[in-house]
Amino acid sequence: MTAGQKDIIQKTAGYVRQKFSGESSGHDWWHMYRVWQLAKTIAASEPQADLFITELAALMHDVADAKLVESEEAARQEIRDWLAGQGLSAEDIQRVLRGITGISFSSTLGGKTAQLTPEAQIVSDADKLDGIGAIGIARAFTYGGSKNNLIHDPEAQPRELTDAADYHANTPATTNHFYEKLLLLKDRMYTATAKELARQRHEYMERFLEEFYAEWDGKR
Ligand code: NI
C-alpha cells in the first residue's frame, strides 16, 4: 500500500470516529475500529482482496446501514462524496461501495444469498465476528438494555426469523437473541480465517450460556 493510501485510511478513520462518537447502541466508533482490525487480520490470508479497499469498506461499513440511517441512498452519497474528496477514482469508490453491499445479517434471511466481492466477504466476516464471542455477549446485553429488554425470560421462546421485518421487531429477552442470531453466525462466514475465529467465539458463547442457565436456576 502506498503512503498516500495509508494517509487516506487514517483520515477516514478520523472521519468515522467523529461521525459515530456518542453512538451507544453497540454501533459506536470502537465497533468500527474492531471490524477494521479484524478485516486486516482476515485479509492477510486473502490475497485476492485489495487491502486498501477492504480497510476503507470496513471503516465505513455501518455508515449506510439501514438500521442506523434515514435514507440509505443519502448515506451512500455521503460515502461517495467523502471518498471523492480524498481523490479516489470513480472505480475505486464503486469497489468500496460494493465492499459494504449485502453484508447485513437481515440480507441473508429467508434463504437469500448475495454475490459478495472478496472485499465484502472480509467485511461481512469481520462485522459478524464482532457480534459473537466475549465482545458479542457484551454488545448483546448493552443493546438489549437500550431497548428495555430483560436479560432473560424463561417464558419467552426464541423465534425463527424469516425476513428483515421479523428481525427488526423487538425481542423481549436478550438471551433469545443468541438463538435467533448470534449462534447462527458461525455458519455465515466466508473466509477460512473467519470460520476458525468464529468456531472459537461460538464455543465461548455456548460455555457462557451453560453457566448462565446454571446460575439462573440456583444450581451454581
Ligand atoms: Ni457493523
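The values are calculated or read from the model by the stated rules, or taken from the named source; none is laboratory data. Please read these numbers as outputs of a predicted model, since none were measured by experiment. Positions of Cβ are backbone-derived with ideal geometry, glycine not excepted, and every protein chain shown enters the neighbour counts. With ligands, DNA and RNA removed, areas are computed over all heavy atoms of the protein, side chains included. Shrake-Rupley method; radii C 1.70, N 1.55, O 1.52, S 1.80 Å.
Scanning region 1-40 for residues that are farther than 20 Å from V69 by Cα and within 16 Å of the ligand (Cβ to nearest atom) yields R34, W36, Q37, L38, A39, K40. Listed by first and then second residue, the pairs with beta-carbon distance under 6 Å, at least 6 apart or on different chains, first residue in region 55-66 and of a type in the set (G, A, S), second more than 10 Å from the ligand (Cβ to nearest atom) and outside any helix (DSSP H, G or I), are A57/G99.
Residue-wise test of (1) under 12 Å from the mean Cα position of the chain (by Cα); (2) within 24 Å of A140 (Cα to Cα); (3) assigned to a loop (DSSP other than H, G, I, E, B).
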position: H31; (1), (2), (3): yes, yes, no
position: W36; (1), (2), (3): yes, yes, no
position: I42; (1), (2), (3): no, yes, no
position: E46; (1), (2), (3): no, no, yes
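Candidates K67, K128: the one that is at pLDDT below 90, within 19 Å of the chain's Cα centre (by Cα) and within 13 Å of the ligand (Cβ to nearest atom) is K67. Just one residue in the set E211, E206, E180 is open to solvent by 70 Å² or more (accessible area, probe 1.4 Å), acidic (D, E) and out of contact with any strand residue (DSSP E or B) (no Cβ under 7 Å at 6 or more places or on another chain); that residue is E206. Flag not set for K181, criterion: of a type outside the set (A, V, I, L, M, F, W, C) and modelled with pLDDT under 80.
Looking at region 73-89 only, could you name the residues that are open to solvent by 50 Å² or more (accessible area, probe 1.4 Å) and over 17 Å from G14 (Cα atoms)? Selection gives E73, A74, Q77, S89. Under the condition of being open to solvent by less than 40 Å² (accessible area, probe 1.4 Å) and not β-branched (V, I, T), which residue from region 16-27 is modelled with the lowest pLDDT? By that ranking, first place goes to S25. The C-beta contact set for region 130-141 (first residue under 11 Å from F178 (Cβ atoms), second residue open to solvent by 40 Å² or more (accessible area, probe 1.4 Å) and within 13 Å of the ligand (Cβ to nearest atom), distance under 9 angstrom, 6+ apart or interchain) comprises G131/R139.
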